[in-house]
Amino acid sequence: MSLQGRNALVTGGSRGIGRAICLELARQGANVAVNYAGNAQAAEETAAACRELGVQAVTIRADVADAAACEAMVKEVISSFGSLHILVNNAGITRDNLALSISEADFDAVLDTNLKGAFCCCKAAYRPMMRQRYGRIINMSSVVGLRGNAGQANYSASKAGLIGLTKSLAKELAARKVTVNAVAPGFIDTDMTAVLPEAAKEALLKTIPMARLGQPEDVARAVAFFAADETAYVTGQVLCVDGGMAV
Ligand code: NAP
């Protein structure tokens, strides 16, 4: 499969899963805009690695929880590359706690970044993709958005919300040849999971039939599947990349 000549924006592309997505899309020939929140050095390293693969790459600092920043970011990508074909809403945060102890601020921060952020980027890309009669939107959900998780009520709600967003937009945009799909990773080896206590990791490993963590590249390949021209007839779907966790 080739993404030659396609232009992509990956939110939270500086590190972890987002970085692997940027590299996979670049490896397949897409130009990549690497969005990040604060880690400029990581974003620049990702962009440089993409350029080494022979594509154009830019970095864009923007907080996806800020609607105006999302709008400006999509405009910037279109002015840099000429168009936007692939939008990957990957930026995400956790603020884990038992529901009883989740503050209003921590609930809002997770929903604003993970769910509203994706909505705002989709909204900004909506008209340009509709007009060009082509688009691929891929939202980063999670297995916990399907199954729930004790200690992650805010995060699980945001990831479940992304599935509703995905299916609704898939229906709105299908006639314009824009597909909208979601990837639901299980337990992936990134900075996000590195902070978990060893005991929590051991317990999580027992819930994975493949008995290992996934790698960011495992998720990136699923994103590239949805980004391909060849999957034009696939929309509104949620693909688990989880070593069997959600089965
Ligand atoms: P990570 O290593 O913590 O990286 C998070 C990325 O999101 C960074 O690039 C960060 O930018 C960016 N980001 C955070 N807040 C942002 C904001 N407000 N605006 C723009 N960018 C922002 O996380 P990860 O593990 O790669 O996770 C990536 C996505 O996969 C998330 O949506 C996460 O919920 C989802 N996911 C992860 C797992 C897992 O096991 N790791 C499982 C299921 C789903 P900076 O570098 O600038 O901070």
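The values are calculated or read from the model by the stated rules, or taken from the named source; none is laboratory data. Just so you know, these numbers come straight off a predicted model, no measurement behind them. Glycine also receives a Cβ, built like all others from the backbone with ideal geometry; neighbour counts cover every protein chain displayed. The accessibility values were calculated without ligands, DNA or RNA, using every heavy atom of the protein model including side chains. Shrake-Rupley method; radii C 1.70, N 1.55, O 1.52, S 1.80 Å.
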Cross-link partners among lysines for Lys206, C-alpha distance below 28 Å, same-chain residues fewer than 8 apart left out?
-> Lys159
Express the accessible area of the chain per residue in Å², computed with a 1.4 Å probe while the remaining protein chains stay in the model.
-> 46 Å²
Positive end of the charge dipole of region 55-188 (Lys, Arg +1 and Asp, Glu -1 on Cβ, about the Cα centre): tell me which of Thr113, Thr94, Tyr134 has its Cα farthest that way.
-> Tyr134
Along principal axes, Cα extents of region 67-171, largest first, whole Å | 47, 25, 16
Could you rank the peptides 171-181, 30-40, 202-212 by their average count of other C-beta atoms within 10 Å per residue, with the highest value first?
-> 30-40, 171-181, 202-212
Compute the long axis of helix 40-52 from its Cα atoms, compare it with the longest principal axis of the Cα atoms of the chain, and write down the angle in degrees, 0 to 90, nearest 10.
-> 50 degrees
Would you mind putting 100-111, 80-91, 128-139 in packing order, based on average other-beta-carbon counts within 10 Å, highest first?
-> 80-91, 128-139, 100-111
Kindly express, to the nearest 10 degrees and within the range 0 to 90, the angle between helix 16-27's C-alpha long axis and the longest C-alpha principal axis of the chain.
-> 30 degrees
Enter the Cα centre distance for the pair region 5-31 and region 178-224, rounded to the nearest angstrom.
-> 18 Å
Calculated SAXS-style log₁₀ I(q)/I(0) at q = 0.15 Å⁻¹ - region 113-247, Debye, Cα scatterers | -0.73
Largest-first principal axis extents, alpha carbons of the chain, Å | 48, 35, 33
Residues meeting the amide H criterion for Val180 (H placed from the backbone, H to H distance under 5 Å, 5 or more places apart or on another chain) are Ile137, Gly236
Difference of contour (0.36 nm per residue) and Cα-Cα distance, Glu198 to Ala174 | 4.2 nm
Would you calculate, for the chain, the mean residue ellipticity at 222 nm contributed by helices, counting each DSSP H stretch of 4 or more residues as -39,500 (n - 2.57) and dividing by all residues, to the nearest 500?
-> -14000 deg cm²/dmol
Pick out, from Gln152, Gly54, Val234, the residue whose Cα sits farthest towards the positive end of the charge dipole of the chain, with +1 on the Cβ of Lys and Arg and -1 on the Cβ of Asp and Glu.
-> Val234
Over all pairs of distinct alpha carbons, what does the Kirkwood formula give as the hydrodynamic radius of region 1-47, in Å?
-> 10.3 Å
Could you list which residues have their amide H under 5 Å from that of Val58, counting only those 5 or more apart in sequence or on another chain, with H placed in the peptide plane?
-> Val32, Ala33, Val34
With the full set of protein chains in place, find how many percent of the accessible area of the chain is carbon and sulfur; take the probe as 1.4 Å.
-> 53 percent
